[in-house]
1. Could you say whether any residue in segment 38-55 is closer than 24 Å to GLY186 by Cα and among the acidic types (Asp, Glu)?
2. Name every residue in segment 228-287 that is of a type in the set (S, T, N, Q) and buried (at least 18 other Cβ atoms within 10 Å of the Cβ), in order of residue number.
3. Pick from segment 157-205 the residues that are among the charged types (D, E, K, R) and within 15 Å of the ligand (Cβ to nearest atom): which of them is farthest from PHE227 (Cα to Cα)?
4. Restricting to segment 114-139, what's the tally of residues that are surrounded by fewer than 23 Cβ atoms within 10 Å (Cβ to Cβ) and within 21 Å of GLN18 (Cβ to Cβ)?
5. Quickly run through segment 101-126 and pick out the residues that are within 15 Å of the ligand (Cβ to nearest atom) and either over 11 Å from the mean Cα position of the chain (by Cα) or over 17 Å from PHE179 (Cα atoms) (or both).
6. Considering every residue within segment 72-82, establish whether at least one is within 11 Å of the ligand (Cβ to nearest atom), at positive phi and in contact with a Leu (Cβ under 6 Å, 6 or more places away or on another chain).
7. Considering only residues that are loosely packed, with under 12 Cβ neighbours inside 10 Å and more than 24 Å from the chain's Cα centre (by Cα), look in segment 9-29 and name the one that is farthest from LEU93 (Cα to Cα).
8. Which pairs turn up if I take residues in segment 150-175 that are at positive phi and look for partners that are at pLDDT 95 or above with beta carbon separation below 6 Å, at least 6 apart in sequence or on another chain?
Amino acid sequence: MTNSKEIIIMKLRNYIIQKFNNFKTLNLKNITAIAFKDHILSQLSTVDAEIEGYRSNELEWQRDLSIKYHWGHNHDFGTFRLDGRMGDRHIDLLANFITFFPIDITDFRDKNIFDIGCWTGGTTLTLAALGGKVHATEEVKKYASTVDFLIRSFGLESHVSIENKSIYECNSLDYHDRFDIVYFPGVIYHLSDPVLSLRILFNSLSIGGVLLVESAGIDHEEPYCRFDGNFVYHTGTREELNRGGWNWFLPSPSALGRMMKEAGFDEIETIWDEGSKRVYGYGKKTKEVGICKAGLSVSDIK
Ligand SMILES: C[S@@+](CC[C@H](N)C(=O)[O-])C[C@H]1O[C@@H](n2cnc3c(N)ncnc32)[C@H](O)[C@@H]1O
């Protein structure tokens, strides 16, 4: 990377961090700092599969982070600090998207943004800090309820909302043509049907809307995917419920680009980022287009 690119990323990061710093206990609206901290800390490391709807005979096949509560992104609340499994990704991702693609830091202001798979809300709060009207969705109930708690505690109800849904459930008419930006980092490789997910998100955008997607992937020229599946994990242990993995398809940049094209996107750009060793993608919905339904796992899709 050139020196000037590094300086731009550093400046962007500092700007985003400064905005994210609005979310300190000093700025709580509807709860005392002590009650806020007690509630958050009471969640950490709790093990609760029942709340997610898993039966006891299904447990050994489930993701650890669906069962055991792990904090997602680093957050310095001022009176206490949490280190998350995702580190500072919420900051780095935005700085990277803005550096790699034709999107500016000011482009999030007043935009309707769909934040997919937000974990404990680091990405949601960051997008809100940039002035976005954010609707987040998260398939794990315990994290969605944390994000709801953060929204209420910081008094963000007028422009931030969360629902506990899988992306596959965001396919009904009320999602269609609704968003200006879909923010989709860190999720697509966790999905068994990446093309369907992209089509659902394509449908959720209004014309002119933009998809920002990031994924674990492979650095390969050809449009290939690596398949890991859920028996492969890269860190931690199964017993301690602290492992990282459960990846289905890990695309190369051109494979991700082809999936996006299949889903209907235009003006597609995909790149391999050597710094994070991940794939980044940008695409626009320039017009309504159909999709080939042969073999698609859901047939009643627009
Ligand atoms: C690796 S984390 C990424 C968090 C954040 N988006 C980021 O990029 O830093 C993946 C998140 O997506 C959620 N997730 C996985 N599959 C999902 C699905 N089908 N629908 C909605 N959320 C999902 C997980 O529960 C988890 O919170």
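1. Taking every residue of segment 38-55 in turn, at least one turns out to be closer than 24 Å to GLY186 by Cα and among the acidic types (Asp, Glu).
2. Within segment 228-287, ASN247, SER252, THR270 qualify.
3. GLU163
4. 4
5. ILE113, TRP119, THR120, GLY121, GLY122, LEU125, THR126
6. No, segment 72-82 contains no residue that is within 11 Å of the ligand (Cβ to nearest atom), at positive phi and in contact with a Leu (Cβ under 6 Å, 6 or more places away or on another chain).
7. Per the stated criteria, the residue is LYS29.
8. GLY155/LYS29
The values are calculated or read from the model by the stated rules, or taken from the named source; none is laboratory data. Here the structure is a predicted model, which means the values were calculated and not measured. Here Cβ is always computed from backbone atoms with ideal geometry, including for glycine, and neighbour counts include all displayed protein chains.
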